[in-house]
1. Restricting the search to the stretch 407-429, which residues are under 20 Å from the mean Cα position of the chain (by Cα) and part of a loop (DSSP other than H, G, I, E, B)?
2. Check A375, A412, A423 and return the single one that is out of contact with any strand residue (DSSP E or B) (no Cβ under 7 Å at 6 or more places or on another chain), hydrophobic (A, V, I, L, M, F, W, C), free of Cβ contacts under 8 Å to residues at least 60 places away in the same chain and not assigned by TED's automatic domain parsing to the domain that holds F509.
3. Please specify each residue of the stretch 116-129 satisfying the condition of being more than 16 Å from G160 (Cα to Cα) and part of a helix (DSSP H, G or I).
4. Within the group I615, I554, which residue is assigned to a loop (DSSP other than H, G, I, E, B), outside the structural domain of I440 (by TED's automatic domain parsing), over 30 Å from S103 (Cα atoms) and in contact (Cβ under 8 Å) with a residue 12 or more places away in the chain?
5. Would you say A370 is under 15 Å from the mean Cα position of the chain (by Cα), in the same structural domain as Q394 (by TED's automatic domain parsing), modelled with pLDDT of 95 or more and assigned to a helix (DSSP H, G or I)?
6. Here are the criteria: (1) in contact (Cβ under 8 Å) with a residue 40 or more places away in the chain; (2) surrounded by fewer than 20 Cβ atoms within 10 Å (Cβ to Cβ); (3) over 19 Å from Y473 (Cα atoms). Tell me which single one V345 does not satisfy.
7. Any residue in the stretch 111-124 that's modelled with pLDDT of 95 or more: show its pairings with residues that are part of a helix (DSSP H, G or I) and not hydrophobic (A, V, I, L, M, F, W, C) at Cβ separation under 9 Å, as long as the two are six or more apart or on different chains.
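The values are calculated or read from the model by the stated rules, or taken from the named source; none is laboratory data. Worth saying up front: this structure is predicted, and the values here are computed from it rather than measured. Quick reminder, even Gly has a Cβ in these numbers, built from the backbone with ideal geometry, and neighbours come from all protein chains shown.
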Amino acid sequence: MDLYSIKNPSFLKKYSKKQLEDLAEEIREFLITKLSRTGGHLGPNLGVVELTIALHKIFDSPEDKLIWDVGHQSYVHKILTGRTAQFDTLRQYKGLSGFPKRSESEHDVWETGHSSTSLSAAMGMAIARDLKGEDYAIVPVIGDGALTGGMALEALNHIGDERKNIIVILNDNEMSIAPNVGALHNVLGRMRSASKYRWVKDEMEWLLKKIPAVGGRLAQAAERLKDSMKYFMVPGMFFEELGFTYFGPVDGHNFDDLFENLQYARKTKGPVLVHVITKKGKGYHPAETDKIGTWHGVGPYKIESGESLKKKGNGPAWSKVVSDTLSTIARDDKRVVAITPAMTVGSKLEDFKKEFPDRLFDVGIAEQHATTLAAGIATQGMKPFLSIYSTFLQRGYDQVVHDVCRQNLNVAFGIDRAGLVGADGETHQGVFDIAFLRHIPNMVLMMPKDENECQHMVNTAIQYDDGPIALRYPRGNGLGVKMDDELKNIPIGTWEVLKQGSDAVILTFGTTIPMALEASAKLEEMGLSFRVVNARFIKPLDHLMLQEILEENIPILTIEEHALQGGFGSAVLEFIQEQGYVQTYVERMGIPDRYIEHGSVNKLLEEVGLTTENIVQKCIQLIPKKQQRA
């Protein structure tokens, strides 16, 4: 089969099992080859090849709605819906998205990137379908890791209660980004090892019918026996009690098993759950044997060995600096505990877990629970450090407001992947956290200029005992600066001048400091004197330094790798207005009011205008404003 000739999945209807098996092999080889050059989510996609083919053979997309939870396992779906030729551009600027994208194809009926959303979306579509009197299948595909998310459980409860015709595919590979945890994971483990539910149920009912109904007591006893035995014999009773008809476990790499169960599911009225067992990374040995999630998402690699071709940064990974510093502090401070919502690997907390196994809590994909859990720990005098990606902290917003900040609890937040993250695109860009955190009373928010300052900020966060404090840091590696041997505290709400200047001031922090310093150096060659300030505390601002700048009556330029609306620049403007310096001229540079799609970080920075050259031009424009007022 020429994968490049595929326009839509209709051809699968005529394919024999042998042809489908050959197609599955060809798709695996294609993905292994293409992703070795572009990088991407290899493990999840290798695990769902047969499942995706079977879904497109049994159902009729796009009339039937296939919904991919999280979406990082949708590459096979993209191939079968005519996008093979675009894979050379996968996750690259203006190229093929790594997630379902409604603008890409009519077969992408729901856009994802965050987990646990598919079941709620499916229920919404089912309500709309039924109100409009239409008739089509709705098939959300959700992983066992995503099923632990509270939103997914809320949706299961609603779907089972309303008895809507929805076919839930539980793609059970025992892993999300990292090995799954929790009681529900253990329940699924027992289901995996059990025999098929349909057979067990049919056999039990047949045996009970053989009991002669002699008297009411015996009949009642038989019914009680049936009700009690099913909990021991039937693996899917958890879902049956929620109102679902359960099929499984199903071998997710066996077409006969998949076809049989999907066809049964399609004929069954009401909500159905098909429990499919798959192997993440199937067909590529390094990914198949991965036990910690290394091959969940990868950069370019050597096919033969699996060796990464990713260029190493100048310094250590930001998340590694944070984790190592946390371990250093935890050796002497027994109050310190770490919490992560299924991101032990991504947040580089493996070493912390090895050294302090009783003080690392991976709660699975449950960001809301993780946040309030940290609050509960803090009420007892402990020092919880919640390591969480910026884009995932959005899901715990109410808990930050209501449970942490309102009670002014000593919770430290390590906000990983703050700023643009690149190839994962708009669902993962960490460009909203300043706006949704800085307005909350009691919150302190900071960001380091380099990894040395980062380690001191981790220490500052742990030593801070006046309420919640958040440290944001970017994806990738640090600058390679020399690290101090001893940790110190940074006074809350203090900035530092990195370069003196008298014509105007650049206020910035974190990842944009290097380009601000470079721009200032170029401006100096033009005879212009621009001060550069490391505004490392976003909240509280350094009121004393700002007041001094305002009294100098010189223009201000704020720069941030964050949304302009409600960001750091907005905070500076608010302060200026409150102080009554309405004549001070301020320009802001940052992320415009739109979602930023995927591409390399450098390309995206160029797209939004955050470059050294643009900073120079903006600064040149500031000077006439000063001279006009003189």
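1. R417, A418, L420, V421, G422, A423, D424, H428, Q429 - these are the residues of the stretch 407-429 that are under 20 Å from the mean Cα position of the chain (by Cα) and part of a loop (DSSP other than H, G, I, E, B).
2. Values: A412 fails: out of contact with any strand residue (DSSP E or B) (no Cβ under 7 Å at 6 or more places or on another chain); A423 fails: free of Cβ contacts under 8 Å to residues at least 60 places away in the same chain.
None of the others qualify; the one that does is A375.
3. Residues satisfying the conditions are A128, R129.
4. Values: I615 fails: assigned to a loop (DSSP other than H, G, I, E, B).
Result: I554 is the single residue among I615, I554 that is assigned to a loop (DSSP other than H, G, I, E, B), outside the structural domain of I440 (by TED's automatic domain parsing), over 30 Å from S103 (Cα atoms) and in contact (Cβ under 8 Å) with a residue 12 or more places away in the chain.
5. Here the answer is yes, as A370 does meet what is asked.
6. Answer for V345: the failing condition is (3).
7. Hits for this filter: L119/E154; L119/H158; S120/E154; S120/H158; M123/H158; M123/E162.
Here's the yes/no breakdown for (1) surrounded by fewer than 21 Cβ atoms within 10 Å (Cβ to Cβ); (2) modelled with pLDDT of 95 or more; (3) closer than 27 Å to H598 by Cβ; (4) of a type in the set (A, V, I, L, M, F, W, C):
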residue: D2; (1), (2), (3), (4): yes, no, no, no
residue: K7; (1), (2), (3), (4): yes, yes, yes, no
residue: S10; (1), (2), (3), (4): yes, yes, no, no
residue: E25; (1), (2), (3), (4): yes, yes, no, no
residue: G40; (1), (2), (3), (4): no, no, yes, no
residue: A54; (1), (2), (3), (4): no, yes, no, yes
residue: K57; (1), (2), (3), (4): no, yes, no, no
residue: D60; (1), (2), (3), (4): yes, yes, no, no
